[in-house]
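The structure appears right after this line, and notes come after that.
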Amino acid sequence: MGQITLRNVKKSFGEVDVIPSLDLTIENGEFVVFVGPSGCGKSTLLRLIAGLEDASGGSIEIDGVDATSLPPTKRGLAMVFQSYALYPHMSVRKNIAFPLKMAGMSAADAASKVEAAAKVLNLGDYLDRRPGQLSGGQRQRVAIGRAIVREPAAFLFDEPLSNLDAALRVSMRQEISELHQTLKTTMVYVTHDQVEAMTMADKIVVLHAGRIEQVGSPLDLYRSPVNTFVAGFIGSPKMNFIEGAEAEKHNAAMLGVRPEHIDIVEDGPWQGTIGLSEHLGSDTFLKVLVDGIGTLNVRGTGEVGLHTGDKVSLAPQPGKLHRFGKDGKALS
Amino acid sequence: MATLNSRRAARLMISPAVLLLLAWMVVPLAMTIYFSMLRYNLLMPGMESWAGFDNYRWFLTDPAFFAAIGNTMKLVLGVLFITTVGGVLLALLLDQPFWGQGIVRVLVIAPFFVMPTVSALVWKNMFLNPVNGLFAHAAKALGLQPYDFLSHAPLASIIGIVAWQWLPFATLILLTALQSLDREQMDAAEMDGASPLQRFGYITLPHLGRSITVVILIQTIFLLSVFAEILVTTNGGPGTASTNLTYLVYAQSLLSFDVGMGSAGGVVAVILANIVAIFLMRMIGKNLER
Amino acid sequence: MSRNVSTTRRSVVTIAAWGIGFLIFFPILWTILTSFKTEGEAIASPPSFLFFDWTLDSYREVNSRSDYPRHFWNSVVISFGSTFLGLLIAIPAAWAMAFVPGKRTKDVLMWMLSTKMMPSVGVLIPMYLMFRDFGLLDTRTGLVIVLTLINLPIIVWMLYTYFREIPGEILEAARMDGASLRSELIYVLTPMAVPGIASTLLLNVILSWNEAFWTLNLTAANAAPLTAFIASYSSPEGLFYAKLSAASTMAIAPILILGWFSQKQLVRGLTFGAVK
């Protein structure tokens, strides 16, 4: 079980409204990612669910029970923190067993649960070490281990991978996804990295200034962003935005086209000069200065043999143009 | 960053400390203020009568009071000066590489552990005594007339004794601060052509600022109430030459048994200390925020 | 990293540092040496430095004249008792200030420290009278209470600076793991803050051990700690330097040894977290 319902939830710090008013339902077993730029309120929202902050208004229900004024201890949730927040004075074994001890479980039962968790997370050899003697990835696993032994209603992750290096981030990302496949427990995951959101989520919640911009599956958001903010935030490299005469031709205040949806053709509608080309092997990223439009980022195949200064002709793929109104909302 | 629950818990957790200190501050102080308005002598029990501000008038017009204020200031400032300047110099020396750093540090810190009564007794008898003291021996060996420190320069002698006790404290804090100074900053300054003296003035000293503040704050707290050293060495004398405010109040109330007058002196001492405290807290508040 | 320091320079610094160190330590050394002399040798002119007949007579004399073990025990009870009591009150308070700071936390802290600025002498008489009325004069309980109150601000301040170095997320993790506030303090905060608590404990034991205003004014015989024991040697009576030295050595040795062994923690404590 692990259904979380937020109704009309508000949060303000003094005069500042961090979250004006927000409704959201997280279904049992879902992997939900809160994503948004820093300061968008995503961590605050997670801490509200955890009970580490009080809501200024509205209600939070966990499995149909009103948890709005319950302390974190009573909510039956587990959290993995950005800094891992391991207890430095305890061995890995004691760290993982701590929530069980707090729940009053017998030492023998706790030990077998710790062993089981350690096996799942490949921590068997490290159980008697202190957190200080572990690498970043191992610490992360201990933090996850501490969370899973409690068998919580839901897991909360607060940017858990941001302290890891790039390679480790990718593998931990996959481990967490696999863990979700195995446990099938609700997971709420906060990140500012849209790649993590796209790769892990069943459902992405894009937040901006405390407001939900859009909720949907990763592909929904990629294919049909409801506004320029979501369009610009989801997808890498970022979507190109075109204003002015070219947009007016399509009856829109602004046009959006993703770099991967622009083809290099013999004779296209847009003519330009290459300002910069980055060859990554698998892909080539081109910065093209297009006449009458401005700079467009274009993603080509790895074998594109173009260099700075070359003239190219570009064409957007049919049906892949996003049109936005004056208010930034998508036009259908 | 906290919930209502934890804020409520926090209030509960902090209240014993706050209430105790509040009681500690208010109850005796209120009694002192009350006594200070009475004609109250322990030698004449049952004769207490209302005196209004008479005690204050007598206490504040007593020449001993002005002497005590002056002595208190000389004592605090003198010790602060010796310990901070000496502490900085000593810390600079001990920060250099040399053989046996650990042992020297142990030697230097030792006076801090000596209780004030002991250090006062040892200095008074074994060093400053004009007949048998070590300084007298030294003077005689050099063919000089032994000097009676405690009769002729009582306050200076006490300043010396107290400074000896507090120099280790200042030195150690400043040494710790020096060791935390970023080497690269020094190297950069050297590359920029700063002379050793300029490096000290522009980098080391500002870096030490915070620690010097701490040294001054903590020492002032303790120096304002220097008592045992005076009690043991000079009893405030000769005359009032080495009487500080603390000792004056003690003498009034416990030696002359004049509770009313002693209390008035106590209130004056509290007021003066609060003026110093406000001033110091401002300075500390500003300096520690960084 | 560092450049090589020339041997000459190193030697000069070594001599200077040892010289000054020796000078600062000399009064203590001299006291210890004198305590092993006879009274005659103690005032001999010129004084002998090491070449005298070492004797323990003065120690025997001091022990027969006064009850050193009782004073020592009083000092131990009073200084450790007041420090433990202070920690018990201060740990929750420092937790609250460090982890649930409010708008007025800084002011409360400053106010607490300012009570330390209140001269003890200002409240001596009421304290004396209250102690008399409550039967606390010349009792260890009374002194433990007073010294706890005197040192409480410093204990709170020191713990606060140490606690602030502990990331709040760890305590939040404990809360998420189902720990009650009590468990949070006992199983997570206190063990993590052991070094800081140890420094605080040490510094306060030393300050209480050496406290010489209240201990002198509120005790007579029964509860008198070592500060009062030594004060009884303050009036000269014939030849007494060796006895004075022996008594002094006995009074300062315990804390001197404790201080030397715990120098590192102590320096940390002394800086009040202001210097890292």
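Scanning region C:105-119 for any residue that is closer than 28 Å to C:VAL194 by Cβ, at the interface with chain B (Cβ under 10 Å from one of its Cβ atoms) and of a type in the set (D, E, K, R) turns up at least one such residue.
On the given criteria, is A:ILE212 closer than 28 Å to A:ARG146 by Cβ and at pLDDT 90 or above? It is false that A:ILE212 is closer than 28 Å to A:ARG146 by Cβ and at pLDDT 90 or above. Exactly one residue out of B:ASN71, B:ASN125 is more than 14 Å from B:MET261 (Cβ to Cβ), at pLDDT below 90 and among the polar types (S, T, N, Q), and it is B:ASN125.
Residues that are among the polar types (S, T, N, Q) and over 30 Å from C:GLY196 (Cα atoms) within region C:120-158 comprise just one, C:THR139.
May I ask you to verify whether B:ALA136 is surrounded by fewer than 21 Cβ atoms within 10 Å (Cβ to Cβ) and in a helix (DSSP H, G or I)? No: the conditions fail for B:ALA136.
Just one of the listed residues (A:ALA108, A:ALA154) is surrounded by fewer than 18 Cβ atoms within 10 Å (Cβ to Cβ) and either within 30 Å of A:VAL65 (Cα to Cα) or over 26 Å from the mean Cα position of the chain (by Cα) (or both), and it is A:ALA108.
Can you tell me which of B:LEU43, B:LEU21, B:LEU29 is touching a helix residue (DSSP H, G or I) at 6+ places or on another chain (Cβ under 9 Å), modelled with pLDDT under 85 and of a type in the set (A, V, I, L, M)? Exactly one of B:LEU43, B:LEU21, B:LEU29 is touching a helix residue (DSSP H, G or I) at 6+ places or on another chain (Cβ under 9 Å), modelled with pLDDT under 85 and of a type in the set (A, V, I, L, M), namely B:LEU29. Restricting C:ILE252, C:ILE166 to residues that are of a type in the set (Val, Ile, Thr) and in a helix (DSSP H, G or I) narrows the list to C:ILE252. Among the residues of region C:132-150, those that are away from chain B (no Cβ under 11 Å) and part of a helix (DSSP H, G or I) comprise C:ASP133, C:PHE134, C:ARG140, C:THR141, C:GLY142, C:LEU143, C:VAL144, C:LEU147. The set of residues in region A:259-302 that are of a type in the set (A, V, I, L, M), under 14 Å from A:GLN317 (Cα atoms) and surrounded by 13 or more Cβ atoms within 10 Å (Cβ to Cβ) comprises A:ILE262, A:ILE264, A:VAL298. With respect to B:GLY209, is the statement that it is in a helix (DSSP H, G or I), out of contact with any helix residue (DSSP H, G or I) (no Cβ under 6 Å at 6 or more places or on another chain) and not hydroxyl-bearing (Ser, Thr, Tyr) true? Yes; evaluated as a whole, the condition is true for this residue. Exactly one residue out of B:LEU144, B:LEU155, B:LEU167 is of a type outside the set (Gly, Ala, Ser), more than 8 Å from chain C (Cβ to nearest Cβ) and either assigned to a helix (DSSP H, G or I) or in contact with a helix residue (DSSP H, G or I) (Cβ under 7 Å, 6 or more places away or on another chain) (or both), and it is B:LEU155. Among the residues of region B:78-101, just one is more than 12 Å from every other protein chain (Cβ to nearest Cβ) and over 19 Å from B:SER211 (Cβ atoms), namely B:GLY78. Within region A:120-131, not a single residue is hydroxyl-bearing (Ser, Thr, Tyr) and either farther than 23 Å from A:ASP165 by Cα or surrounded by fewer than 18 Cβ atoms within 10 Å (Cβ to Cβ) (or both). Assess whether C:LEU56 counts as being over 30 Å from C:LEU189 (Cα atoms), out of contact with any Leu (no Cβ under 6 Å at 6 or more places or on another chain) and in contact (Cβ under 8 Å) with a residue 12 or more places away in the chain. Taking the combined requirement at face value, the residue satisfies it.
Residue count for region C:1-41 satisfying the condition of being touching a residue at least 60 places away in the same chain (Cβ under 8 Å), more than 28 Å from B:TRP166 (Cβ to Cβ) and within 8 Å of another protein chain (Cβ to nearest Cβ): 0. If you go through region C:197-244 and pick out every residue that is of a type outside the set (A, V, I, L, M, F, W, C), more than 7 Å from chain B (Cβ to nearest Cβ) and under 30 Å from C:THR161 (Cα atoms), you end up with 6. Would a scan of region A:211-226 turn up a residue that is assigned to a strand (DSSP E or B), in contact with a Lys or Arg (Cβ under 9 Å, 6 or more places away or on another chain) and surrounded by 20 or more Cβ atoms within 10 Å (Cβ to Cβ)? Looking through region A:211-226, none of the residues is assigned to a strand (DSSP E or B), in contact with a Lys or Arg (Cβ under 9 Å, 6 or more places away or on another chain) and surrounded by 20 or more Cβ atoms within 10 Å (Cβ to Cβ).
Take the conditions (1) outside any helix (DSSP H, G or I); (2) more than 25 Å from B:ARG8 (Cβ to Cβ); (3) modelled with pLDDT of 90 or more; (4) more than 10 Å from every other protein chain (Cβ to nearest Cβ); A:ASN122 misses just one of them, which is (3). Give me a count of the residues in region B:102-128 that are free of Cβ contacts under 8 Å to residues at least 12 places away in the same chain and more than 8 Å from every other protein chain (Cβ to nearest Cβ). Here the count works out to 1. Taking the criterion of being at the interface with another protein chain (Cβ under 7 Å from one of its Cβ atoms) and at pLDDT below 90, the only residue of region C:154-168 that qualifies is C:PRO167. Among residues of region B:228-266 being surrounded by fewer than 22 Cβ atoms within 10 Å (Cβ to Cβ) and either at the interface with another protein chain (Cβ under 9 Å from one of its Cβ atoms) or more than 23 Å from C:TYR233 (Cα to Cα) (or both), the one that is modelled with the highest pLDDT is B:ALA241. Going through (1) more than 30 Å from A:PRO152 (Cβ to Cβ); (2) away from chain A (no Cβ under 12 Å); (3) not polar (S, T, N, Q) one by one, C:LEU185 falls short only on (1).
Is it fair to say A:GLY256 is surrounded by 12 or more Cβ atoms within 10 Å (Cβ to Cβ), part of a loop (DSSP other than H, G, I, E, B), in contact (Cβ under 8 Å) with a residue 24 or more places away in the chain and not charged (D, E, K, R)? So A:GLY256 does not fit the description; no. Of the residues screened, A:SER277 is not one that is polar (S, T, N, Q), farther than 18 Å from A:THR228 by Cα and either under 28 Å from the mean Cα position of the chain (by Cα) or not assigned by TED's automatic domain parsing to the domain that holds A:GLY244 (or both).
The values are calculated or read from the model by the stated rules, or taken from the named source; none is laboratory data. Note that this is a predicted model, so its numbers are computed, not measured. Positions of Cβ are generated from backbone atoms using ideal geometry, with glycine treated the same way; all protein chains shown enter the neighbour counts.
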